Amino acid sequence: MIFKFAHFADIHLGAFRDPILRELNVQAFEKAIDRCVGCCVDFIIIAGDLFEIALPYMAVVDRAVRKMKELKDLGIPIYVVYGSHDYSATEISIIDILGSAGLLKKVVSADVTDTGKIRLSFFTDKKTGARLAGMSARKRGVERTYYENLDCAHLEENENNNFKLFLFHSTLNEMKPEFLSMSDGIPLSNFPKNFNYYAGGHVHKRMERDFPEYGKFVFPGHLFGRDYRDLENVSTEPGGFYFVEVDSSSKIGMRFEPMDLCSILSLHYNAGEKTSYVAAEELKKMIDRMEAFSDKKPSIVLFKVYGELSGGKPSDINFGELKNMLLKKGASAVYFNHNSLSSRELEQLKIKGADRRDIEEKIFEESLGLFEKKAQLKNVALSKSEGCALSASLLSILKAENTGESKSDYEIKIKRSAFSALVIGESQ
Ligand SMILES: [Mn+2]
């Protein structure tokens with residue numbers, strides 16, 4: 001072996017509303033970096049989506065920065081490209097700030113040639129002589145046009161026979177998993193040939209494949225996961241990253257390093273053709289019968305409740321209570337998914353009014369009656385007119401259209417405005 005590197009992608013620091021899941025995600029990153037240090041890697045590649053959003057929670061950034069500083073002090077560089085999540089068209093991304101601070105190096109440097117082609121430059125890793133070039137992602141695969149106009153000839157030459165790495169964050173059409181079959185990726189023919197290693201990201205599934213004339217394409221998948229679907233996959237196939245060893249003839253040896261920080265239990269319950277009362281009782285019994293969780297590793301419970309209730313509404317089922325029952329049994333985090341739980345009963349408020357505002361006000365007045373009891377319990381004194389005014393201002397905030405921001409940044413902006421209208425702090 002002449003050198004060794006680690007290949008990460010799709011870490012999504014800051015993902016998850018649940019504080020325990022968010023913490024586990026950050027811990028996965030910290031522990032993975034510790035393992036890289038323990039294995040004496042020469043450099044680390046992060047092929048996009050290091051962060052969940054372009055401007056993540058500062059507490060999460062702080063943790064990541066501390067870890068990256070350790071690497072910097074040890075002289076282990078991190079090379080990155082933007083992912084679809086940590087890129088922002090309107091704001092400076094945290095990746096740019098960390099780049100300015102010298103904690104990581106973005107290996108994308110593009111010029112436009114006289115003929116309108118995109119010419120990428122190589123970066124050379126000082127210690128190993130490995131040459132790196134990369135292409136960042138944009139939202140919704142907009143980078144496709146960049147690939148179509150890529151000056152490949154310039155990237156394909158390799159006079160000095162150095163080890164060459166291409167970093168990218170896109171779906172490769174030739175390696176598209178089933179769950180992405182509807183989305184457009186980049187065809188192999190748009191990639192430059194003659195690289196030793198194509199370090200991919202974006203696809204949250206571990207895959208590796210050799211292509212003649214090109215080289216080895218590798219997607220490590222997500223490290224810990226960023227949502228329910230990822231965690232559900234982790235229950236059968238753990239997330240992680242790759243250690244890659246390169247010998248003097250540029251031959252590659254690879255080892256996948258799984259991150260087994262927690263155990264994941266995936267449960268399903270079909271509430272179809274049952275009343276909400278029966279479903280709630282059966283769910284309670286189901287949880288009652290379960291054995292307590294061991295405290296060796298954090299246990300995450302993923303609970304999918306689905307089907308069409310024959311009577312009652314999904315909101316009749318007290319998921320908060322069910323979650324508490326599981327937490328009492330020692331579960332560390334509980335994630336209920338009831339997106340596909342529906343009810344045959346439809347509740348409608350019948351309102352007639354002169355115009356939109358009139359109708360809105362009447363709906364608010366009527367709906368406020370439903371919340372009065374809750375408001376009394378929580379000691380919130382709000383008169384009917386105050387309640388209507390607050391509802392109207394919330395509605396106007398929630399109606400604000402996205403003016404070109406990313407979905408996540410837009411959500412944050414809306415949430416902040418909504419919380420300030422409600423005069424409460426954001427809890428997570
Ligand atoms: Mn991702």
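Each value in this text was obtained by applying a stated rule to the coordinates, not by laboratory testing. Source: prediction; values computed, not measured. FYI the Cβ positions are ideal-geometry reconstructions off the backbone, even for glycines, and counts take in every protein chain you see.
Odds and ends about this structure:
- Cα gyration tensor shape of the range 54-160, rounded if a/c is under 1.5, else prolate or oblate by comparing a/b with b/c: oblate
- R0 of 51 Å, Cβ-Cβ distance Tyr410-Ser248: FRET efficiency to nearest 0.05: 0.50
- GNM remark for the chain: springs join alpha carbons under 10 Å apart, and the peak mean-square fluctuation among Asp227, Asp247, Asp151 falls on Asp247.
- Note, ³J(HN,Hα) from phi for the range 390-399, Karplus 6.51, -1.76, 1.60, rounded to Hz, x at Gly and Pro: 5, 4, 5, 6, 4, 4, 5, 5, 6, 7
- For the pair Arg344 and Tyr277, the difference between a 0.36 nm per residue extended length and the Cα-Cα distance amounts to 22.7 nm.
- Computed label-point distance, nm, for sites Asp111 and Arg66 using a 7 Å Cα→Cβ extension: 4.3
- For the pair His268 and Arg255 in one chain, pulling the backbone fully straight at 0.36 nm per residue adds 1.3 nm over the alpha carbon distance.
- Inter-label distance for Asp184 and Lys296, nm, one decimal - labels placed 7 Å from Cα along Cα-to-Cβ: 5.0
- Our summary gives the chain a relative contact order of 13 percent, counting only alpha carbon pairs under 8 angstrom and 6 or more residues apart.
- With coordinates expressed along the principal axes, the C-alpha atoms belonging to the range 179-232 extend over 38, 23, 12 Å, beginning with the largest.
- Rounded to two decimals, the Cα radius of gyration of the range 3-258 over 2.2 N^0.38 Å is 0.94.
- Placed amide H near Leu167: partners under 5 Å, 5+ positions off or other chain: Ala133, Gly134, Met135, Ala199
- Take the Cα of Ile92, step 7 Å toward its Cβ, do the same at Glu365, and the gap between the two points is 5.2 nm.
- Just so you know, the Rg over Rh for the chain is 1.03, from Cα atoms, with Rh as the Kirkwood radius.
- Extension gain (nm, one decimal) between Asn324 and Ile2, 0.36 nm per residue minus Cα-Cα: 110.6 nm
- Of all the options Leu155, Leu341, Leu50, the one that moves most in a Gaussian network model of the chain with Cα springs shorter than 10 angstrom is Leu341.
- Looking at the range 71-107, none of the trypsin sites (Lys or Arg not before Pro) sits in a DSSP loop with at most 15 other Cβ atoms within 10 Å of its own Cβ.
- Relative contact order, percent, the range 3-258 [alpha-carbon distance under 8 Å, six or more residues apart]: 21
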